Amino acid sequence: MQRYTIYRIPFFHVFLTIKNGITCLQADGLMSPILWLFMRTPLKKHLEMFHGQVPAMQSENTLFFSTWLPPIPGRVFNRLLLSYTKAFFGCATPDQVTISITEECPNRCIHCALPDTLNKAMLKPDKIEDIIHQVLDMGTTSIIFDGGEPLVYDGLEKLISYVDYKRAISTIFTSGFGMTPEKARSLKAAGLYSINVSLDSPFEDEHDRIRGRAGVFKEALNAINCAKGAGLLVDIYVVIAPHNIDHLDDFYSLALNCGVHELSMYEIVPTGRWLDHDKDVLSADDKVKLNEFKERYEQYGNDVKDNTIDSDTKRVRFFSIPHTMEITGCFAGRKWIHVTPQGDVLPCACIPLPYGNVNTEPIQSIWKRMRKDGAYNAKECLMRNSQFRRDYLSDVLNDPKN
């Protein structure tokens, strides 16, 4: 049985095995009982999330557990584990850095988190290169190129090439606009690890309505096919909201039919164009529906483990970010940071609260300032917290432009 090493030191080995398409976390070695107990303290929450899961993809020597995580084993994954351990001892690292390289976008999504300044701002390539080098030196292991629509940025491949593949993985978030087989291959050749394609509905007309433009659904499916053809890991990214909560099974069916590696779901946040929709978020009943979907998905996995479903049955990894955050807490300003096209550094893409600007000071200084703010150790999304919105965002909420 193939073993994928997560952690190894003399006389102690933590690894994953796969049986019937499901991961199993194990440890062995002479020091296993003692060291395993020690390791579980700083890494318990993170390590346990690797157990009992459908991985995104696997090869003989490498496990691609998720489109969001570096391959196992590997140098980048080792860096991520080191970051987890350092965070336990009070030295947090921004593991994931999202860079909105441009405001340019052909769509007009009703829930877009990026403030619409109408200035068509964009970061220059040399500044993006500088940002990448800075955050890699800080320990970042995942760099996401976002927008607007990153595929409209001339020279995207060059930006991707700045991400040292021995230190971090690179990803793009896209609606699919402008993707071609040639573009997908050039992105892969530049070093792109995975691609997140946004879908707001599994139905064409509704998706196009939410995105504000006809044809976006077809573009998304085309981007998925192009990316798969180029050998990229592909994730369908869904913002779950009251208007699509009843179509979770349809999303999963679409993911299966498209043959993607992962289906990720994130709960809608009252921010950006959705800033004043703080009541138009998931209700208690909606969250029950999400829980029930997750239970159905997990039961499907259990059936595979119990051999009631053939091990070759087609499956897609399902990643529920809301459920993960129930275990780990909110990542904003603790594991994530976001850089806007103007150079402002935010705790995450959803919190419109700059702590500094990359054009005037190093990101390390901004990160230290952010970490001194105790708000960013939250157990839930801060933008859904009424007290945080009152205390931190009164100016933004009262701005007539919003």
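The values are calculated or read from the model by the stated rules, or taken from the named source; none is laboratory data. Here the structure is a predicted model, which means the values were calculated and not measured. All Cβ positions, even for glycine, are placed from backbone atoms using ideal geometry, and neighbour counts span all protein chains on display. Surface accessibility is based on the protein's heavy atoms, side chains included, excluding ligands, DNA and RNA. Shrake-Rupley method; radii C 1.70, N 1.55, O 1.52, S 1.80 Å.
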Residue that is surrounded by the fewest Cβ atoms within 10 Å (Cβ to Cβ) [pool: residues in the range 168-186 that are over 28 Å from residue 272 (Cα atoms) and over 18 Å from the mean Cα position of the chain (by Cα)]: 182
Residues located in the range 205-249, provided they are more than 19 Å from the chain's Cα centre (by Cα), open to solvent by 60 Å² or more (accessible area, probe 1.4 Å) and under 20 Å from residue 193 (Cβ atoms): 225, 229
Given (1) open to solvent by 10 Å² or more (accessible area, probe 1.4 Å); (2) assigned to a helix (DSSP H, G or I), number of the condition residue 165 does not satisfy: (2)
Residues of the range 194-204 classified as open to solvent by 10 Å² or more (accessible area, probe 1.4 Å) and either farther than 14 Å from residue 247 by Cα or assigned to a strand (DSSP E or B) (or both), total: 1
Tabulated pairs, the range 69-84, first small (Gly, Ala, Ser), second modelled with pLDDT of 95 or more and open to solvent by less than 60 Å² (accessible area, probe 1.4 Å), C-beta under 6 angstrom, 6+ apart or interchain: 83/95; 83/139
Residues being farther than 29 Å from residue 250 by Cβ, free of Cβ contacts under 8 Å to residues at least 40 places away in the same chain and out of contact with any Leu (no Cβ under 7 Å at 6 or more places or on another chain) - total across the range 164-213: 5
Qualifying residue in the range 67-85 (condition: more than 30 Å from residue 9 (Cβ to Cβ), open to solvent by 10 Å² or more (accessible area, probe 1.4 Å) and among the polar types (S, T, N, Q)): no
